[in-house]
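Following: one structure in structure tokens, then a few remarks.
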Amino acid sequence: MPIDYSIIIPAYNEEDYLATTLHALQEAMPQIALSGEIIVVDNNCSDRTAAIAEEQGAIVVFEAINQISRARNAGAKTAQGRYLIFVDADTVIPHALLEQALINLESGDIIGGGACVSGDIPLHFSMQYLLNFWNFISIQTRSAAGSFIYCQRDAFETIGGFSEAVYASEEIWLSRNLKKLGKKRKQSFNIIKQPPVITSMRKIQWYSPLRIYLYVLLLAVFPFTVRIKSLCTLWYRRPS
């Protein structure tokens, strides 16, 4: 049976979250008429991430260089689907969200998009404000959050995939490039408002609100920092 869509999950030491992510997808996918596959990219893991993915029936791809954009691109190279959906390993995708993304792509009028984001735990008001602000910016600027991105495969290949010159914000650059191509093709880039993607708020448990706000400020004032891995510790370094 030909594959219609490919779900690509970049994963670095995600044994605590991956099984939940895969279970939600495996519940959602049989309810959709199109045929799909799940690809987990083992981004040089040292835990049971790859074993869990294999146990759950996912295709496992290995990417030795620990970089999110490289892992996403490695999964896309293996993918067979004409539609690509990128999902973070700590994220739950509701059936209705997956279905709406595929309806959008099947229409031919939409080149790709993302979704609003909801947390998996109650948040301190300062963090909820930041999340609400991101959702507002995402809708207004039509920029996808990294936890859920969908697009036409041919469009993804035309723009060269995710930029490997950056260690964070690769989803923003992808959104910009897809919007530019979509304008030429008379296709739109769509952010799905409901239902939202449900993603882990573990960084809020790891780091104080002040530290997270300082990271956001650093990226806003000095955007070139996303090109330096040592300055992207929010994405690459985890507390012991």
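Tabulated results
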item	result
For Val216: the one exception among (1) out of contact with any Gly (no Cβ under 9 Å at 6 or more places or on another chain); (2) aliphatic (A, V, I, L, M); (3) closer than 22 Å to Ser6 by Cβ	(3)
Extreme residue, surrounded by the most Cβ atoms within 10 Å (Cβ to Cβ), among residues of segment 85-129 that are of a type in the set (Ser, Thr, Tyr) and under 16 Å from the mean Cα position of the chain (by Cα)	Thr91
Of all residues in segment 21-43 being under 18 Å from the mean Cα position of the chain (by Cα) and surrounded by fewer than 15 Cβ atoms within 10 Å (Cβ to Cβ), the one that is nearest to Tyr236 (Cα to Cα)	His23
Filtered residues of segment 205-240 (kept if of a type in the set (Lys, Arg) and either surrounded by 15 or more Cβ atoms within 10 Å (Cβ to Cβ) or within 19 Å of Trp173 (Cα to Cα) (or both))	Arg227, Lys229
Inter-residue pairs, beta-carbon under 9 Å, first at negative phi and among the hydroxyl-bearing types (Ser, Thr, Tyr) and in segment 207-220, second at pLDDT below 80 and loosely packed, with under 15 Cβ neighbours inside 10 Å, 6+ apart	Tyr207/Pro239
Residue ID - farthest from Gln67 (Cα to Cα), chosen from residues in segment 223-239 that are under 20 Å from the mean Cα position of the chain (by Cα) and in a loop (DSSP other than H, G, I, E, B)	Arg238
Residue pairs meeting the criteria (Cβ under 8 Å; at least 6 apart or on separate chains; first more than 18 Å from Ile139 (Cβ to Cβ) and assigned to a helix (DSSP H, G or I), in segment 161-180; second at pLDDT 95 or above and charged (D, E, K, R))	Glu170/Arg72
Residue match in segment 183-196 (condition: of a type in the set (Lys, Arg), part of a strand (DSSP E or B) and either touching a helix residue (DSSP H, G or I) at 6+ places or on another chain (Cβ under 8 Å) or closer than 28 Å to Ala33 by Cβ (or both))	yes
Those residues of segment 1-26 which are aliphatic (A, V, I, L, M) and modelled with pLDDT of 95 or more, in sequence order	Ile3, Ile7, Ile8, Ile9, Ala11, Leu18, Ala19, Leu22, Ala24, Leu25
Test: residue in segment 140-154 that is within 19 Å of Val226 (Cβ to Cβ), aliphatic (A, V, I, L, M) and part of a helix (DSSP H, G or I)	no
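The values are calculated or read from the model by the stated rules, or taken from the named source; none is laboratory data. Computed from a prediction, not measured in an experiment: that's the story for all the values here. We place every Cβ from the backbone using ideal geometry, glycine too, and count neighbours over all the protein chains shown.
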